[in-house]
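We did not get these values from a lab; they are worked out from the coordinates using the rules stated. Just so it is clear, the model here is predicted, and its values are computed rather than measured. Methodologically, a virtual Cβ is constructed for each residue, glycine included, from the backbone with ideal geometry; neighbour enumeration extends over all protein chains shown.
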There are 2 protein chains.
Amino acid sequence: MRFNRQLASIKVYEGGKPIELVMREYGIAPENIIKLASNENPFGTSPKVIEAIKANVHTVHMYPDDSMIDLKTALAKKFDVETSNLIIGAGSDQVISFAVSAKANKHKKVLTARTTFAMYEIYARQVGAKVIKTASHQHNLDELYAKYKKDGDVGIIFLCLPNNPLGECLDKDDVFDFISRIDDNTMVVVDGAYQDFAAAKDPRKKIDPKALIETFPHTLYLGTFSKSYGLGGMRVGYGIAGEEIMQALYKMRPPFNVTTLSLKAAQAALEDETFVRKGIENNFEEMKKYEAFARKNKIDFIESYTNFITLLFGNDKNSSEIAQMLLKKGIIIRDLHSYGLNGIRITIGTPEQNTKFFEAMETVL
Amino acid sequence: MRFNRQLASIKVYEGGKPIELVMREYGIAPENIIKLASNENPFGTSPKVIEAIKANVHTVHMYPDDSMIDLKTALAKKFDVETSNLIIGAGSDQVISFAVSAKANKHKKVLTARTTFAMYEIYARQVGAKVIKTASHQHNLDELYAKYKKDGDVGIIFLCLPNNPLGECLDKDDVFDFISRIDDNTMVVVDGAYQDFAAAKDPRKKIDPKALIETFPHTLYLGTFSKSYGLGGMRVGYGIAGEEIMQALYKMRPPFNVTTLSLKAAQAALEDETFVRKGIENNFEEMKKYEAFARKNKIDFIESYTNFITLLFGNDKNSSEIAQMLLKKGIIIRDLHSYGLNGIRITIGTPEQNTKFFEAMETVL
């Protein structure tokens with residue numbers, strides 16, 4: 001059977017190893033496995049979320065409220081926008097797919113930094129759109145602008161602020177200046193999956209979705225409940241944009257794209273900002289330990305505005321070998337070899353998890 | 001901003017009214033509202049599902065197991081296929097979207113019966129594929145074959161067996177004979193969302209996925225947990241196909257497309273076939289009452305192999321008016337006016353719900 005042409009260039013995505021698989025492969029007991037690979041919240045989620053899920057478990061036979069009005073109302077209040085500025089996705093991933101399907105095609109390219117969130121490229125390939133990237137791994141606005149200008153047929157530019165999997169973050173003023181020079185027929189997506197971490201660390205990094213979309217009608221802001229809110233397994237994210245973009249995204253949204261319990265969980269998560277704040281505080285307290293560890297061991301690291309840190313090794317070390325040795329000790333981190341980097345990305349864990357990471361890392365270095 | 005050309009022809013989907021909305025609009029107390037509009041299981045879901053969700057609620061901060069191996073293993077056992085023959089979607093809807101994205105495009109059309117599951121057309125339009133339909137509302141294999149032959153560039157044929165929203169079902173032997181005459185570069189999708197109802201009522205309707213995909217490598221079978229298993233709110237469905245189609249579908253699947261709790265719920269649902277069987281038994285017992293009611297009131301109906309029944313009115317009645325009058329009484333059913341039919345589709349409810357429907361319907365006729 002022949003399939004659409006673009007499938008020839010698509011490789012099937014392989015995610016991080018689930019804990020169960022590591023258990024099986026190395027015969028390690030689950031309580032001795034530490035997963036610092038997927039930037040999940042090491043403290044779990046808010047008790048209010050757990051309660052909300054339990055309270056709604058008897059409604060799972062009914063289709064979700066497809067208007068999602070309760071969650072939209074809560075998000076609209078949080079960001080001081082209208083509910084009509086909001087779309088909810090099964091993770092912000094899905095909102096990326098709506099944007100790419102609406103705007104990119106085999107003639108309209110997708111422009112990104114060289115090393116950034118993998119889904120931009122995956123969704124672009126699914127619709128047969130070409131992806132162009134800067135030479136620099138980290139976001140470089142001059143390079144992005146030069147690529148944009150030279151190419152002439154860029155449909156979407158993705159800015160991941162802060163950037164996953166590297167951790168760096170552009171300043172808000174520089175981002176606004178950049179966007180002001182992009183024509184209004186090119187969509188600029190500001191992926192704020194880790195924005196609450198960046199904004200807490202340095203106010204210059206903070207991007208307010210309302211100011212963004214009111215200043216630039218050609219922008220789309222993305223947020224997620226998978227990170228600081230601790231809902232990675234529930235798959236809830238959102239997009240914020242003006243009327244024109246929103247109308248296009250809704251045309252690409254399948255009905256009932258978010259489960260009932262996910263909607264209820266996200267709503268409850270928004271009601272416990274204390275849980276989120278404490279998690280972010282722990283994150284940056286613990287990150288100092290990672291920075292100290294790296295300095296002590298003469299390992300380069302990228303200053304991070306997220307809940308993970310990226311260590312970059314010199315020629316004397318091999319990131320894949322280090323990842324493999326850690327795995328055998330029950331510690332799962334993300335090797336960045338597939339991104340063309342000799343480095344690893346580690347999610348900042350609880351103090352106990354981080355101590356165990358440092359102990360294990362000392363033995364494999 | 002200009003968007004991809006196909007968006008011009010897409011209308012935003014509007015689902016059935018959620019109970020909360022009807023409450024608000026008509027000031028009806030929730031306990032007095034009966035929703036027989038979305039073919040949900042009127043008995044809810046299995047207690048084993050409720051337990052499984054509660055038992056896993058503390059894992060929601062972690063991404064789902066993207067291999068979905070536990071649910072795939074359970075489904076592989078149920079259908080006597082390999083786990084590699086299975087793909088899990090956020091509802092079988094999502095598997096439809098994978099198939100359409102992989103195989104249909106602006107040159108390769110989608111062929112369906114005139115009145116069938118709306119998502120075939122919605123996903124086709126999203127990728128810019130043209131949809132062609134038979135003149136008959138119900139599935140007619142001669143008409144489908146004639147359309148297929150005449151057009152010459154059909155990428156996918158959808159057979160909804162039994163058919164939603166009309167309820168009729170083709171015989172398995174006729175379906176196999178039809179598929180044997182379709183060239184192996186055209187994908188034939190057998191949507192079995194309501195197959196367990198049909199198979200229970202009449203063995204001639206039963207399509208075994210294993211026999212289907214082994215006989216015809218160009219077929220894809222779809223199943224869902226939203227109907228008899230009572231998991232409409234959890235969004236879990238699946239596709240079963242041979243290696244070639246499966247490889248293409250996986251290229252279009254986004255990672256983590258099903259939530260952790262949905263995977264656990266579906267797995268638990270498979271362990272309680274008694275719950276499913278009892279629901280199906282109630283369904284056909286109660287359906288007899290609907291048939292008797294229709295005959296008594298001289299209303300035409302389509303013999304149904306599903307968990308709903310479609311009533312068709314003559315010129316003396318108007319389906320939209322009847323739906324509106326029922327709504328004011330707190331009973332939500334589906335008006336088929338938008339399908340070009342003067343009829344309504346009613347989900348078979350519990351005995352109590354059905355009695356209330358008959359009472360209300362008597363007053364509006």
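Computed values, structure above
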quantity	calculated
Relative contact order [Cα under 8 Å, 6+ residues apart], region B:129-174, whole percent	31
Nearest-first distances (nm) between copies at A:Thr350, label 7 Å from Cα via Cβ	4.2
Aspartates and glutamates with Cα under 12 Å of A:Lys77, excluding same-chain neighbours fewer than 8 positions away	A:Glu271
Selection of trypsin sites (Lys or Arg not before Pro), region B:277-360, meeting DSSP coil and at most 13 other Cβ within 10 Å	B:Lys298
For B:Val131, residues with placed amide H under 5 Å, excluding near neighbours	B:Val110
Of all DSSP beta bridges in the protein assembly as shown, antiparallel share, percent nearest 5	55
In Hz, Karplus ³J(HN,Hα) per residue of region A:283-293 (6.51, -1.76, 1.60; θ = phi - 60°; x = Gly, Pro)	3, 7, 4, 5, 4, 4, 5, 5, 5, 5, 4
From phi via Karplus (6.51, -1.76, 1.60), per-residue ³J(HN,Hα) for region B:242-248 in Hz, x at Gly/Pro	x, 4, 5, 5, 4, 4, 5
Overall Cα dimensions of region A:47-272, principal axis frame, Å, largest first	56, 37, 29
Spatially proximal lysines relative to B:Lys288 (Cα-Cα < 17 Å; intrachain offsets below 8 disregarded)	B:Lys201, B:Lys278, B:Lys296, B:Lys298, B:Lys356
Under the Karplus curve 6.51 cos²θ - 1.76 cosθ + 1.60, θ = phi - 60°, whole-Hz ³J(HN,Hα) for region B:355-365, x wherever Gly or Pro sits	4, 5, 4, 4, 4, 5, 5, 4, 6, 9, 6
Global form of the protein assembly as shown, assessed from the alpha-carbon gyration tensor, a/c cut-off 1.5	prolate
Stretch gain in nm, segment B:Phe43-B:Thr350, where the contour uses 0.36 nm per residue and the Cα spacing is subtracted	109.8 nm
Gained length - B:Lys296 relative to B:Arg24, 0.36 nm times residue gap less alpha-carbon distance	94.5 nm
Label point 7 Å beyond Cα along the C-beta direction, distances from A:Asp208 to other copies (nm, shortest first)	6.6
DSSP-defined antiparallel bridges as percent of all bridges, region A:47-272, nearest 5	40
Cut-off under 5 Å, modelled amide H: who pairs with B:Ile332 long-range	B:Ile34, B:Lys35, B:Leu36
Relative contact order (percent, whole number), chain A, Cα cutoff 8 Å, 6+ residue spacing	23
Unit Cα scatterers, Debye sum, region B:223-365: log10 I(q)/I(0) for q = 0.10, 0.12 Å⁻¹	-0.48, -0.65
Expected 222 nm ellipticity per residue - DSSP helices of 4 or more, -39500 (n - 2.57), all of chain B, to 500	-12500 deg cm²/dmol
Distances in nm from A:Ala294 to the matching label points in the other copies, shortest first (labels 7 Å along Cα to Cβ)	6.8
B:His337-B:Met325 pseudo-label distance in nm [points 7 Å out on the Cα-to-Cβ vector]	1.4
